[in-house]
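Inspection log for the structure reproduced underneath, given as structure tokens.
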């Protein structure tokens, strides 16, 4: 979603207008980094706009960078974790 050519305020205002006029009930984002999501949340709060309610993250079971989160998930679901 992140677009360096469009201000986050403009994007959030558009979503806010769509929610308030009944065109959509909620909105969310996908594949944004942590700092981008924090900026989205903070901006919506500051401008008193409808909040983002979901975040979809990219996950590919065929290609996963092994880190503590993946390792914990592997243990929780009895999965084998492997790093090349």
Using per-residue counts of other Cβ atoms within 10 Å, averaged over each peptide, order 28-36, 49-57, 12-20 from highest down.
12-20, 49-57, 28-36
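Over all directions, what mean area does the Cα convex hull of segment 1-45 project, stated in square nanometres? If you can, show how the numbers build up before the last one.
Numbers: hull surface 12.7 nm².
Computed as one quarter of the Cα hull surface, the answer is 3.2 nm².
Any read-out appearing in this document is the output of simple, stated calculations on the displayed coordinates, not a laboratory observation. The structure displayed is predicted, hence computed values, not measured ones. No Cβ is skipped: glycine too gets one built from the backbone with ideal geometry, and neighbour counts run over all protein chains shown.
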